[in-house]
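What follows is a set of notes on a single structure, which appears directly below.
The values are calculated or read from the model by the stated rules, or taken from the named source; none is laboratory data. Values in this document were obtained by computation on a predicted structure and should not be read as measured data. Heads up, the Cβs are rebuilt from the backbone with ideal geometry, glycines too, and the neighbour counts pull from every protein chain shown.
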Amino acid sequence: MRIILLGAPGSGKGTVAKVLVERTGTPHISTGDMLRAALAAGTPLGARAREYMESGRLVPDNIVIGLIRNRLGQSDCLSTGYILDGFPRTVPQAEELGVVLSDLESNVQAVFNLQVSRQLLVERLSGRRICKSCGAIYHAVNMPPRTEGICDICGGELYQRVDDQPATVENRLNVYEAQTKPLIEYYRNMGLLYPVEGDKGVQAVFEMIIHTLDNIRKTACDQAQ
Ligand code: AMP
C-alpha cells in the first residue's frame, strides 16, 4: 500500500491510519507525530519546530522534507509501502515528494481526500484526547474512555494537544484552507485523487480505502494482460 491521506486537521487521517496499520501492517508516516517526538526528545529539530506547531502554523518545508526523505528510504517502507498522514501539506512539499519517490523508484497509488464540514472539524479537534503512552485517540464526548483521563488500552494518561485548543484550532483550519487545500487540485490533475466522506466514521472510511485500492490493482492487472 502506497497512499496519501489528505484532509483538514480533525478529518480523521490519524484514526483511519491506525486501523490501516493494524489490518495491513503498512508503516504509518505522520510528520505531526515525528515532529512531536522530536519536540518531546528535546532535539534541535524539535526546538526549531516548536513555535510553529504551538501557534498552528506549518513548519518550514525543508525541515519536514528532510524527515520524510529519511523515513521513506528505510527498509520497511521500501518493502511494504507507506501511509502518509499530514504530508504533503503544501504544493512544494508535494513536488519534493515526487522527487524523493522517483529517486527511490516508488510512486503513490492513490490520494484519499477525507472531507468533513468545518463545524464537525472544530467539534472533533476540541474534544480530542490522546494517550501519552500508546497514542490511542479518544473524544471527550463521542468516544470517551471508560475511566476519565485514562487510556482503555494501556492505562496511560490522556492529554489534550496544545494545538487542539480553540484559538489554535481556528488558525490551523485557516492554514489548511490557504496552504493545503490546493493539493486537492494538484492530485486531481494527476488522476490520483479519491474523495472520501470523512464524516461517515472510521470503519466506512477504511472500507472505502481498501475497496478503491482493490479496484486500482484490478485495473492495473487487466491493463497488464
Ligand atoms: P498534525 O499532527 O498532522 O495535525 O500536525 C501538527 C503540526 O505539526 C501542524 O500544525 C504543523 O505545525 C506541523 N506539521 C505536521 N506536518 C507538517 C507538514 N507536512 N508541513 C509543515 N508542518 C507540519
Considering the range 15-63 alone, what residues qualify as being aliphatic (A, V, I, L, M) and in contact with a strand residue (DSSP E or B) (Cβ under 8 Å, 6 or more places away or on another chain)? V16, A17, L20, V21, I29
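Each row is one residue, and each column tells you yes or no for (1) at pLDDT 95 or above; (2) hydroxyl-bearing (S, T, Y); (3) within 16 Å of the ligand (Cβ to nearest atom); (4) touching a strand residue (DSSP E or B) at 6+ places or on another chain (Cβ under 6 Å).
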| residue | (1), (2), (3), (4) |
| --- | --- |
| S79 | no, yes, no, no |
| D85 | yes, no, yes, yes |
| P88 | yes, no, yes, no |
| Y138 | no, yes, yes, yes |
If you check every pair at least six apart or on different chains, which have Cβ atoms under 6 Å apart with a residue in the range 152-165 that is in a loop (DSSP other than H, G, I, E, B) first and a residue that is surrounded by 12 or more Cβ atoms within 10 Å (Cβ to Cβ) and aliphatic (A, V, I, L, M) second? I153/A136
Among the residues of the range 90-108, which ones are at pLDDT 95 or above and in a loop (DSSP other than H, G, I, E, B)? T90, V108
Being more than 14 Å from the ligand (Cβ to nearest atom) and either surrounded by 15 or more Cβ atoms within 10 Å (Cβ to Cβ) or more than 29 Å from A204 (Cβ to Cβ) (or both) is the requirement here; does D103 meet it? yes
Residues satisfying the stated conditions in the range 1-38, i.e. surrounded by fewer than 18 Cβ atoms within 10 Å (Cβ to Cβ), of a type outside the set (D, E) and without any contact (Cβ under 8 Å) to a residue 40 or more places away in the chain: T24, A37
Condition (residue is part of a loop (DSSP other than H, G, I, E, B) and charged (D, E, K, R)) applied to the range 129-144: is it met by at least one residue? yes
Report every pair of residues separated by at least 6 positions or lying on different chains whose Cβ atoms are under 9 Å apart, first residue within the range 48-73 and over 17 Å from D85 (Cα atoms) and near the ligand (Cβ under 9 Å from one of its atoms), second among the aliphatic types (A, V, I, L, M) and part of a loop (DSSP other than H, G, I, E, B). A49/V59; Y52/L58; Y52/V59
